[in-house]
Amino acid sequence: MRRPPARARMAPRARPEAGADRLRRALLGVLPAAWCALAWPARGAARIDVRAHGARGDGRHDDTAAFQAAIDALPAAGGTVAVGAGDYLIDPLRSVRLRNRMHLRMDARARLLARPNAAPRAYVLDATGVEQVEISGGAIVGERDRHQGDAGEWGHGLMIRAAAQVTVRDLHISDCWGDGISIGGAKGAGGRIVPSRDIALLRVRCIGNRRQGLTIGRSRRVRVDDSEFADTGGALPGCGIDIEPDAGDIAHDVVIAGCRVRGNRGAGIQLYKRSSLIRVRDCTIEANQGHGVLVIGASDCEIAGNRIRRNGLGGLALRPGSADVAVSGNEFVGNAPKRGSPRSAQLSVAPEARDVRVAADNRYPD
């Protein structure tokens, strides 16, 4: 994990916000964190069951081709691919490639089991370059404990790249060699970066993955609501959620609300350079080995109404280059316990951080 050395200082006292800032933040506050009910163009009514194309769901037979055949059989108007209860062995080297205007609807008892492999980069579900896609229900179980190589960190459960209008809900992803979910961009025509746009994650659980629970890279308008990201570790950064776009583009307009982020080996939530307009609200962020929230060079951030507890290195840390950060209504309890949970470890601001506003309503019960 990148941790530029910085001598932290106690946060400055709050300063009044300009009227335009107050209005903008108030409007953001009333918007729902997840907006999957927005009216995308209707997909078709076709419904295809993966078992009709040969899927067995017995945990032994490779069902990758059957899943792909069911998806490819949808008409141009799209429709729903249904996955009943069962254990479906999927080869991440081939991936199940989603398409436009489809709903992958999985029974709550359906599990997609990643076939062990040695590849540094492989995905169970691949949503690259698609639009108007919904994924719901079921589970993805990775192969980190049965991985046949030791290189790479990109064995993801779900890859979303250069996609638009994608909703993922009620999905459990665990034990992946890389991330549970990775959201980002891809090169388009002429080498231009195409970010992902309008992505909503609702009631998602990413547990025990190796690199990150969730990576948010080059993207616009991502909403993460009522989800859990826990017990990540094995490859750096090891965060529950890492907003860290690669060079060449940005992550802009991300809301993380009502989530539980706990027990990760790195930071609970990391906001890195090239990230802006980030809102972390009403989350419980606890027992992570790094900081609860670590901001390194991100701008226009709001950290509000969170419970930030018992994180190993500290509660909230703002590193050099961070700018325009508002901190309000949070509860900081017992962070940096090995150092006796000093007040300075609950909320620390590097001298080089700019335009930091800390409201008087943050609480420090210890």
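Laboratory data are not the source of any read-out in this text; all were calculated from the coordinates shown. Predicted model, so just to flag it, every value in this text is computed and none were measured. Cβ: placed from backbone, ideal geometry, glycine included. Neighbour counts: every protein chain shown.
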Selection from segment 318-343 of residues that are surrounded by 14 or more Cβ atoms within 10 Å (Cβ to Cβ) and among the small types (Gly, Ala, Ser): Gly321, Ser322, Ala323, Ala326, Ser328, Gly329, Gly334, Ala336, Ser341
Single condition Trp177 does not satisfy, out of (1) within 13 Å of the chain's Cα centre (by Cα); (2) part of a loop (DSSP other than H, G, I, E, B): (1)
Count of segment 219-243 residues which are more than 20 Å from Arg205 (Cα to Cα) and crowded, with 24+ Cβ neighbours inside 10 Å: 1
Subset of segment 101-160 that is part of a loop (DSSP other than H, G, I, E, B) and of a type in the set (A, V, I, L, M, F, W, C) - its residue that is surrounded by the most Cβ atoms within 10 Å (Cβ to Cβ): Val130
Conditions (1) among the acidic types (Asp, Glu); (2) crowded, with 17+ Cβ neighbours inside 10 Å; (3) over 22 Å from Arg144 (Cβ atoms); number of the one not met by Asp58: (2)
Sole residue being touching a residue at least 24 places away in the same chain (Cβ under 8 Å) and within 25 Å of the chain's Cα centre (by Cα), chosen from Arg56, Arg60, Arg111: Arg111
Selection status of Gln165, over 15 Å from Thr215 (Cβ atoms) and part of a strand (DSSP E or B): yes
Selection count where residues are touching a Pro at 6+ places or on another chain (Cβ under 8 Å) and surrounded by fewer than 17 Cβ atoms within 10 Å (Cβ to Cβ), scope segment 352-366: 1
Criterion violated by Arg339 - all others in (1) touching a helix residue (DSSP H, G or I) at 6+ places or on another chain (Cβ under 9 Å); (2) within 20 Å of Cys283 (Cβ to Cβ) satisfied: (2)
Any chance Ala287 is out of contact with any Cys (no Cβ under 7 Å at 6 or more places or on another chain), under 15 Å from Val327 (Cα atoms) and not aromatic (Phe, Trp, Tyr): no
Residue match in segment 236-253 (condition: within 22 Å of Gln132 (Cα to Cα), outside any loop (DSSP other than H, G, I, E, B) and of a type in the set (A, V, I, L, M, F, W, C)): yes
